[in-house]
Amino acid sequence: MAEQDRPPFADVLTDLCKNPVDGRPPWTNVALAERVRELGGDINQAYIASLRTGRQDNPTVEVMVQLAGALGVHPAALVGGRRERRPDERPGWRRTALATLFDTAYPADRGPYTPGEVANAINEHGACGTISRMHVRELRDQTAVNPKLKHLLGLAWHFGVRPEYFLDDEHAARVDSEYAQLRVLAELGVISLVTRINERPDLSPETRQLALESLTRALDPGLGPGEWVFRPGSPAESDAPE
């Protein structure tokens with residue numbers, strides 16, 4: 001979901017209050033604050049009212065977790081993710097998430113980003129407020145563990161992940177798997193090869209198609225070592241029995 005398409009936090013919270021997941025009557029600010037306190041949190045009704053009207057729009061992750069717990073949803077729901085929350089889940093800020101992105105989510109033609117590069121990019125982007133290089137480093141190194149919403153959104157934007165990556169283990173596992181596969185392809189030179197094929201104006205469409213189909217066959221997980229042999233020709237010709 002593009003940042004400009006994301007509904008304001010106030011709208012998301014108000015919708016969750018008006019349409020409870022358990023079929024109970026809509027949550028009032030007073031009732032929601034009481035439920036937060038029952039669960040051991042500390043958010044007063046005035047702050048909830050300011051969040052629902054948009055006067056406050058940058059809660060901390062801990063506030064989001066407390067609100068989600070009282071509403072009976074996964075905190076990822078507050079940033080566009082899933083609402084369903086399993087009874088055994090204790091979701092919150094995923095402390096290793098940012099370090100994982102630093103290690104895996106960077107272009108193939110360069111090394112990992114520095115905290116300064118990340119902070120500068122977010123600040124220049126401007127849609128998610130500002131963040132300091134020091135705070136990015138603290139979140140990466142887990143010496144800070146309670147970022148504000150706009151920091152979460154800015155980091156998600158920079159690394160090209162959905163915001164729920166920082167809150168939802170299931171979603172993050174899928175993303176991490178995809179990044180790991182991309183990293184392997186980059187190390188094998190597959191990404192640069194495909195790029196070069198597509199950038200060669202002298203190659204006919206048929207030659208490009210043949211190259212990509214040959215590459216796809218070479219990466220077939222069903223083939224053992226030494227089983228793949230390049231055979232020019234159409235797929236039908238290449239796969240025909242000898």
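Exactly one residue out of PRO112, PRO91, PRO107 is more than 24 Å from ALA31 (Cα to Cα), touching a helix residue (DSSP H, G or I) at 6+ places or on another chain (Cβ under 7 Å) and part of a loop (DSSP other than H, G, I, E, B): that is PRO112. Return yes when ALA46 is in a helix (DSSP H, G or I), farther than 28 Å from HIS135 by Cβ and more than 27 Å from the chain's Cα centre (by Cα) and no when it is not. The answer is no for ALA46. If only residues of the stretch 5-15 that are of a type outside the set (A, V, I, L, M) and over 16 Å from the mean Cα position of the chain (by Cα) are counted, the one that is modelled with the lowest pLDDT is PRO7.
Whether a residue is closer than 14 Å to VAL73 by Cα, in contact with a Gly (Cβ under 8 Å, 6 or more places away or on another chain) and part of a helix (DSSP H, G or I) was assessed, and VAL12 passes this test.
Under the condition of being loosely packed, with under 14 Cβ neighbours inside 10 Å and either of a type in the set (A, V, I, L, M) or at pLDDT 80 or above (or both), the residues counted in the stretch 173-192 number 7. A single entry from ARG86, ARG95 fulfils the requirement of being open to solvent by 30 Å² or more (accessible area, probe 1.4 Å), within 18 Å of LEU167 (Cα to Cα) and at pLDDT 95 or above: ARG95. At pLDDT below 95 and either surrounded by 16 or more Cβ atoms within 10 Å (Cβ to Cβ) or not hydroxyl-bearing (Ser, Thr, Tyr) (or both): is that true of ARG55 in this structure? So ARG55 does not fit the description; no.
Give the stretch 143-172 a look and list any residue that's open to solvent by 60 Å² or more (accessible area, probe 1.4 Å) and not hydroxyl-bearing (Ser, Thr, Tyr), or say none. So that I can check it myself, show each step before the final result.
Initial filter on the stretch 143-172 (open to solvent by 60 Å² or more (accessible area, probe 1.4 Å)): 143, 146, 148, 150, 157, 160, 162, 169-170.
Residues satisfying the conditions are ASN146, LYS148, LYS150, TRP157, GLY160, ARG162, ASP169, GLU170.
Inclusion of PRO115 among residues that are surrounded by 13 or more Cβ atoms within 10 Å (Cβ to Cβ), under 19 Å from VAL65 (Cβ atoms) and modelled with pLDDT of 95 or more is not warranted.
Please specify each residue of the stretch 58-70 satisfying the condition of being open to solvent by 10 Å² or more (accessible area, probe 1.4 Å) and in contact with a helix residue (DSSP H, G or I) (Cβ under 7 Å, 6 or more places away or on another chain).
If the condition is that a residue be open to solvent by 10 Å² or more (accessible area, probe 1.4 Å) and in contact with a helix residue (DSSP H, G or I) (Cβ under 7 Å, 6 or more places away or on another chain), then ASN58, VAL65, GLN66 are the ones that fit.
When THR130 is tested against (1) in contact with a helix residue (DSSP H, G or I) (Cβ under 7 Å, 6 or more places away or on another chain); (2) touching a residue at least 12 places away in the same chain (Cβ under 8 Å), just one condition goes unmet, and that condition is (2).
Between LEU98, LEU153, which is within 19 Å of VAL65 (Cβ to Cβ) and touching a Leu at 6+ places or on another chain (Cβ under 8 Å)?
Of the residues listed, the single one that is within 19 Å of VAL65 (Cβ to Cβ) and touching a Leu at 6+ places or on another chain (Cβ under 8 Å) is LEU98.
The residues listed here are ARG83, ARG55; of these, the one that is under 16 Å from HIS171 (Cβ atoms) and part of a loop (DSSP other than H, G, I, E, B) is ARG83.
Kindly establish whether GLU213 is modelled with pLDDT of 80 or more, among the charged types (D, E, K, R) and loosely packed, with under 14 Cβ neighbours inside 10 Å.
no
Among the residues of the stretch 118-137, those that are part of a helix (DSSP H, G or I), open to solvent by 60 Å² or more (accessible area, probe 1.4 Å) and not polar (S, T, N, Q) comprise GLU124, HIS125, ARG133, MET134, ARG137.
The values are calculated or read from the model by the stated rules, or taken from the named source; none is laboratory data. Every value quoted in this text rests on a predicted model; they were computed, and no experiment measured them. Every residue, glycine as well, gets a Cβ built from its backbone with ideal geometry; the counts of neighbours run over all protein chains shown. With ligands, DNA and RNA removed, areas are computed over all heavy atoms of the protein, side chains included. Shrake-Rupley method; radii C 1.70, N 1.55, O 1.52, S 1.80 Å.
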